[in-house]
Amino acid sequence: MRTAFAAVVLLGASALIHAQPPKDPDPRYGVTARVKIYSQATPKATLKTALELIEAGEYPYFVAHVLDPKFVDEVVTDRAKTLEAAAERELAQLRDFQRANPDKVKPENRVPLDPKEFRALAAATARERGFKQLLLDIEAKLKDDPQALKDIRKIARDGMFAEADPMASAMHDSVKGRTLYFRKLGDRWFLENRQAEEPKKDP
């Protein structure tokens, strides 16, 4: 009897654990994910979220959490490589100033003296700047091409979505030459940075 009771208790506890709502994904580039507010449960939901963010000027969230993370990370990494030397020079100057004026900066806020920690800070600073550059480029591109947003709105409103997990696409009969593509990672759909099918490579 005790064994049966214990089994019921354990099964009940297990059910409670599985019933817990999923946690928000980890922050990316300092931007906290809010999946309960910005749904990415389906390709159409992701596109609606993308439009909502763009129209609100929330480019940091759009780029960090809605665009294909592989694309974003690759671009940021490439740009960070070109920015790291400048970041190191600026941090070195700041470190020298802080060492000469120790009373003006709290110890926990100073540029680290340890070479390994210094390089890590320079790399992180370069990535942060690379991410900001990408934000500016995407914002400028969308502002320079207002027709693109009109087309995307039309697709989101009554376009045709074709889903083949973990990939999906969306188009509209009246929007020529623009097909949107999505990729599913985990339980979220992301908007890919391409407009046409990638050509197949010859075997």
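Any read-out appearing in this document is the output of simple, stated calculations on the displayed coordinates, not a laboratory observation. Quick caveat: nothing in here was measured; it's all calculated off a predicted structure. Here the Cβ positions follow ideal geometry from the backbone for every residue, glycine too, while neighbour counts run over all protein chains shown.
Note on HIS172, HIS65: ascending count of other Cβ atoms within 10 Å places them as HIS172, HIS65, the fewest first. Applying both filters, DSSP loop and at most 13 other Cβ atoms within 10 Å, to the trypsin sites (Lys or Arg not before Pro) of region 114-196 gives ARG194. Between the beta carbons of GLU117 and MET160, assuming R0 = 41 Å, the FRET efficiency works out to 0.20 to the nearest 0.05. Given 4 °C and 1.567 mPa s, how large is the Stokes-Einstein diffusion coefficient of region 83-203 in µm²/s, with Rh as the Kirkwood radius over Cα pairs? Reported coefficient: 69 µm²/s.
Pairs with C-alpha atoms separated by more than 27 Å, drawn from the list LYS23/LYS143; LYS81/LYS154; LYS141/LYS184, are LYS23/LYS143; LYS81/LYS154.
Fully extending the segment from ARG153 to ALA100 would add 13.5 nm, taking 0.36 nm per residue of separation and subtracting the current Cα-Cα distance. For GLN93 and ASP78, the difference between the fully extended length at 0.36 nm per residue and the C-alpha to C-alpha distance is 2.9 nm.
Please work out whether region 52-98 counts as rounded, prolate or oblate from its C-alpha gyration tensor, where a ≥ b ≥ c are the square roots of the eigenvalues and a/c under 1.5 means rounded, while otherwise a/b larger than b/c means prolate and anything else oblate? Taking the square roots of the gyration eigenvalues as a ≥ b ≥ c, region 52-98 is oblate.
Using a ≥ b ≥ c from the Cα gyration tensor of region 19-77 (square roots of the eigenvalues), is it rounded, prolate or oblate, where a/c under 1.5 gives rounded and otherwise the larger of a/b and b/c decides, a/b for prolate? Oblate, because a/c is 1.5 or more while a/b does not exceed b/c.
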